[in-house]
Amino acid sequence: MSESDLLKKVVALCKRRGFVFPGSEIYGGFANTYSYGPLGAQLKKNVRDLWWQLFVQRREDMVGLDGPILLHPEAWRASGHVEGFNDALIDCKSCKARLRADHLLEKALGIDVEGLSLEAINTLVQDNNVRCPHCDAFDWTPARHFNLMFSTELSKTQEGSSIAYLRPETAQAIFLDFKNIINTMRVQVPFGVAQVGKAFRNEITPGNFIFRVIEFEQMEIEYFIHPSKWETTFSNWLEEMQKFCRAIGITKTSLFEHPQEKLSHYSKRTVDIMYDFPFGRSELYGIAYRTDFDLKRHSEFAKVNMEYLDPKSNERYIPHVIEPTFGLDRSVLAVLCEGYREETLEGGESRVVLGLHPSIAPVKVGIFPLMKKDGMAEKAQAIARTLSKRWHVNYDEGGAIGKRYRRQDEIGTPFCITVDYQTLEDNTVTLRHRDSMKQERLNIADLESILAPAFEINV
Ligand code: ATP
């Protein structure tokens with residue numbers, strides 16, 4: 001299967017089996033928005049919950065936060081987003097295609113133009129006779145800056161500006177509540193704050209399914225440290241991020257160290273965790289050493305002292321931060337692409353399997369009566385009721401048993417339980433494993449304790 005086929009197949013499976021639907025489809029779609037269907041919503045929730053479990057629940061040095069999407073507009077001036085969160089945009093006057101100038105030049109000339117001025121970009125386009133990839137014309141508007149933040153209008157009775165921005169990243173709310181957290185939670189540096197939520201970016205060239213969308217979910221951490229500790233903390237978090245990848249079954253990763261001269265204004269070191277998506281190697285997650293940039297800026301703009309007093313050394317300073325950031329939608333895309341496989345079975349039959357790690361599989365157990373009659377359905381339903389108190393299960397009594405197994409394979413269900421005539425006599429069932437297709441006979445009473453370890457993550 002070619003890589004481009006893989007993406008098509010994943011997209012088709014997502015639509016067919018209720019993982020991801022195109023947004024506003026009955027209105028003909030709304031570009032670059034998607035709806036997570038019942039199974040996608042559950043898969044996403046499982047990834048999000050595991051992340052929270054690993055990075056908040058299991059750690060004594062971390063707390064959680066759920067800040068607002070709309071922050072005071074001044075916060076986005078302090079963070080640099082109002083002025084600097086831009087892409088350079090260029091329009092083809094002939095076919096009206098709107099493109100990101102950096103993507104255009106990257107494709108046409110094979111060069112990285114990040115950080116170049118608009119003037120330099122325009123010169124490159126003109127001097128190299130760069131043509132429109134859609135219509136081959138050479139008829140461009142000058143490149144111009146385009147802010148990626150969505151803005152919305154508040155009622156005019158609000159004080160100050162009536163423009164508010166939908167957050168383009170979740171991180172800033174953490175800085176705004178830094179003092180509240182210090183004052184209420186008895187945390188001491190080093191400690192971190194984790195937050196999961198929607199972020200919005202008016203991306204010029206979105207695409208590649210849920211890889212680049214205008215509304216997406218981020219899972220972000222600001223880890224506050226003494227500046228002398230930044231290097232070891234950075235390495236530790238990078239390792240933690242890679243462990244998370246492995247825990248949820250993401251293996252095709254590599255690291256990309258941002259060159260010093262290309263770092264964002266706030267960062268002293270940035271590393272991206274790249275993933276080999278079917279459309280090429282692209283950023284999955286990132287980690288940055290943001291120094292004390294954000295707390296300092298908010299301190300200046302809000303006129304609030306953001307210093308921390310170390311109770312042991314009595315040192316007073318603005319903590320620095322290491323920021324590990326994870327995209328939830330890109331995590332979902334990575335596990336779907338990595339998990340998808342087609343197998344030819346003995347006898348020439350084939351099956352599609354979504355080899356998801358059991359901990360994130362949307363349905364943990366499929367439960368079937370071999371036939372509906374003679375009390376088998378009732379027995380299977382009773383098992384489903386019991387197991388559904390702990391896990392998301394799927395009761396299915398329709399069609400041939402082989403077909404029911406295939407349906408579960410395709411949505412990544414790691415286990416299936418079948419109730420048959422023997423069950424009625426001795427309370428045993430068959431447990432069928434998704435990957436090996438092996439079947440074993442087990443007592444109903446033992447099911448929970450046998451299944452539970454499989455859904456744990458190995459970290
Ligand atoms: P890219 O270079 O791909 O635009 P970025 O460097 O702007 O990404 P960050 O600002 O570091 O991304 O955002 C943190 C994480 O949020 C990314 O690693 C990614 O997983 C996710 N993310 C960012 N933009 C989008 C988007 N438009 N759609 C889906 N996920 C996104």
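The values are calculated or read from the model by the stated rules, or taken from the named source; none is laboratory data. Treat the numbers as computed from the prediction; the structure is a model and nothing was measured. With ideal geometry, Cβ positions are generated from the backbone for all residues, glycine too; neighbour counts draw on all protein chains shown.
Only one of these is more than 29 Å from residue 307 (Cα to Cα) and β-branched (Val, Ile, Thr): 273, 287. Name it.
Values: 287 fails: more than 29 Å from residue 307 (Cα to Cα).
The match here is 273.
Considering only the range 263-291, state which residues are part of a loop (DSSP other than H, G, I, E, B) and surrounded by fewer than 19 Cβ atoms within 10 Å (Cβ to Cβ). Outline the logic, then answer.
Taking the range 263-291 first, the residues part of a loop (DSSP other than H, G, I, E, B) are 263-268, 278-279.
Of everything in the range 263-291, those that are part of a loop (DSSP other than H, G, I, E, B) and surrounded by fewer than 19 Cβ atoms within 10 Å (Cβ to Cβ) turn out to be 263, 264, 265, 267, 268, 279.
Please work out if residue 154 is in the same structural domain as residue 328 (by TED's automatic domain parsing) and either buried (at least 18 other Cβ atoms within 10 Å of the Cβ) or within 22 Å of residue 302 (Cα to Cα) (or both). Quick ask: steps written out before the conclusion?
Details: in the same structural domain as residue 328 (by TED's automatic domain parsing): no; either buried (at least 18 other Cβ atoms within 10 Å of the Cβ) or within 22 Å of residue 302 (Cα to Cα) (or both): yes.
So residue 154 fails the test.
Taking residue 380 as the residue in question, decide whether it is hydrophobic (A, V, I, L, M, F, W, C), assigned to a helix (DSSP H, G or I) and without any contact (Cβ under 8 Å) to a residue 40 or more places away in the chain.
In short, yes.
May I ask you to say which residue of 296, 303 is within 31 Å of the chain's Cα centre (by Cα) and either acidic (Asp, Glu) or under 20 Å from residue 74 (Cα atoms) (or both)? It would help to see each step written out before you state the result.
Values: 303 fails: within 31 Å of the chain's Cα centre (by Cα).
Result of the check over 296, 303: 296.
Taking into account only those residues within the range 367-384 that are closer than 20 Å to residue 452 by Cα and out of contact with any Phe, Trp or Tyr (no Cβ under 7 Å at 6 or more places or on another chain), which is surrounded by the most Cβ atoms within 10 Å (Cβ to Cβ)? Before the answer, list the steps.
Taking the range 367-384 as the starting set, the residues that turn out to be closer than 20 Å to residue 452 by Cα are 367-368, 380-384.
Retained after the next criterion (residues that are out of contact with any Phe, Trp or Tyr (no Cβ under 7 Å at 6 or more places or on another chain)): 368, 382-383.
Numbers: 368: 27, 382: 13, 383: 20.
Here the residue is 368.
Scan the range 274-290 for residues that are touching a strand residue (DSSP E or B) at 6+ places or on another chain (Cβ under 7 Å) and either more than 8 Å from the ligand (Cβ to nearest atom) or among the aromatic types (Phe, Trp, Tyr) (or both) and jot them down.
Our first condition is that a residue be touching a strand residue (DSSP E or B) at 6+ places or on another chain (Cβ under 7 Å); within the range 274-290, this holds for 274-275, 281-290.
Within the range 274-290, 274, 275, 281, 285, 287, 289, 290 meet the criteria.
For the range 135-151, what are the residues that are outside any loop (DSSP other than H, G, I, E, B) and not polar (S, T, N, Q)? Spell out how you get there, then give the answer.
The initial filter retains those residues of the range 135-151 that are outside any loop (DSSP other than H, G, I, E, B), namely 140, 144-147, 151.
Matches in the range 135-151: 140, 144, 145, 146.
Could you grab the pairs with beta carbons closer than 9 Å, sequence gap of 6+ or different chains, first residue in the range 43-71 and farther than 26 Å from residue 334 by Cα and among the acidic types (Asp, Glu), second one part of a strand (DSSP E or B) and modelled with pLDDT of 95 or more?
Hits for this filter: 60/191; 61/191; 61/192; 61/223.
Note down all Cβ pairs under 6 Å where the first residue falls in the range 145-159 and is over 27 Å from residue 100 (Cβ atoms), the second is modelled with pLDDT of 90 or more, and they're at least six residues apart or on different chains.
Within 6 Å, the pairs are 154/164.
Read through the list (1) in contact with a Gly (Cβ under 6 Å, 6 or more places away or on another chain); (2) surrounded by fewer than 13 Cβ atoms within 10 Å (Cβ to Cβ), then give the number of the only condition that residue 62 fails.
(2)
What about residue 147, is it out of contact with any Leu (no Cβ under 7 Å at 6 or more places or on another chain) and exposed (fewer than 13 other Cβ atoms within 10 Å of the Cβ)?
Details: out of contact with any Leu (no Cβ under 7 Å at 6 or more places or on another chain): yes; exposed (fewer than 13 other Cβ atoms within 10 Å of the Cβ): no.
When the stated conditions are applied, residue 147 does not pass them.
Which of (1) away from the ligand (no atom under 13 Å from the Cβ); (2) assigned to a helix (DSSP H, G or I); (3) small (Gly, Ala, Ser) does residue 331 not meet, given it meets every other one?
(1)
Which of the residues belonging to the range 110-162 are among the basic types (Lys, Arg) and either within 23 Å of residue 79 (Cα to Cα) or modelled with pLDDT of 90 or more (or both)? Write out each step before concluding.
Residues of the range 110-162 that are among the basic types (Lys, Arg), as a first pass: 131, 144, 156.
Once the filter is applied, which keeps residues that are among the basic types (Lys, Arg) and either within 23 Å of residue 79 (Cα to Cα) or modelled with pLDDT of 90 or more (or both), the range 110-162 yields 131, 144.
Looking only at the range 92-134, how many residues end up being at negative phi and assigned to a loop (DSSP other than H, G, I, E, B)? Spell out the reasoning first.
The initial filter retains those residues of the range 92-134 that are at negative phi, namely 92-95, 97-109, 111-114, 116-128, 130-134.
Still in the running and assigned to a loop (DSSP other than H, G, I, E, B): 93-95, 97, 111-114, 116-117, 128, 130-134.
The qualifying residues number 16.
I need a count of the residues in the range 169-217 that are in a loop (DSSP other than H, G, I, E, B) and either among the polar types (S, T, N, Q) or more than 8 Å from the ligand (Cβ to nearest atom) (or both). Step through it out loud before you land on a result.
Residues of the range 169-217 that are in a loop (DSSP other than H, G, I, E, B), as a first pass: 169-170, 177, 186-190, 201-206, 208, 213-214.
Among the residues that remain, those that are also either among the polar types (S, T, N, Q) or more than 8 Å from the ligand (Cβ to nearest atom) (or both) are: 170, 177, 186-190, 202, 204-205, 208.
Residues that pass the stated criteria total 11.
Given the criterion assigned to a strand (DSSP E or B) and more than 24 Å from residue 328 (Cα to Cα), identify the matching residue among 351, 406. Write out each step before concluding.
Working: 406 fails: assigned to a strand (DSSP E or B).
That would be 351, the only listed residue that is assigned to a strand (DSSP E or B) and more than 24 Å from residue 328 (Cα to Cα).
With hydrophobic (A, V, I, L, M, F, W, C), farther than 25 Å from residue 152 by Cβ and modelled with pLDDT of 95 or more as the only criterion, which of 65, 54, 71 stands out? Give the steps one after another, and end with the answer.
Details: 65 fails: farther than 25 Å from residue 152 by Cβ; 71 fails: farther than 25 Å from residue 152 by Cβ.
On inspection, the qualifying residue turns out to be 54.
Can you find a residue in the range 76-95 that is over 26 Å from the mean Cα position of the chain (by Cα), surrounded by fewer than 17 Cβ atoms within 10 Å (Cβ to Cβ), touching a residue at least 60 places away in the same chain (Cβ under 8 Å) and within 24 Å of residue 195 (Cβ to Cβ)?
Yes, the range 76-95 contains at least one residue that is over 26 Å from the mean Cα position of the chain (by Cα), surrounded by fewer than 17 Cβ atoms within 10 Å (Cβ to Cβ), touching a residue at least 60 places away in the same chain (Cβ under 8 Å) and within 24 Å of residue 195 (Cβ to Cβ).
Considering the range 1-42 alone, what residues qualify as being more than 24 Å from residue 248 (Cβ to Cβ), part of a loop (DSSP other than H, G, I, E, B) and touching a residue at least 60 places away in the same chain (Cβ under 8 Å)?
31, 32, 33
Just name the residue that is surrounded by the most Cβ atoms within 10 Å (Cβ to Cβ) out of those in the range 419-440 that are assigned to a strand (DSSP E or B) and in contact with a helix residue (DSSP H, G or I) (Cβ under 8 Å, 6 or more places away or on another chain).
Quick first cut of the range 419-440, residues assigned to a strand (DSSP E or B) only: 419, 428-433, 439-440.
This time we only want the ones that are in contact with a helix residue (DSSP H, G or I) (Cβ under 8 Å, 6 or more places away or on another chain), so: 419, 428-429, 431-432.
Numbers: 419: 28, 428: 17, 429: 26, 431: 19, 432: 22.
The residue in question is 419.
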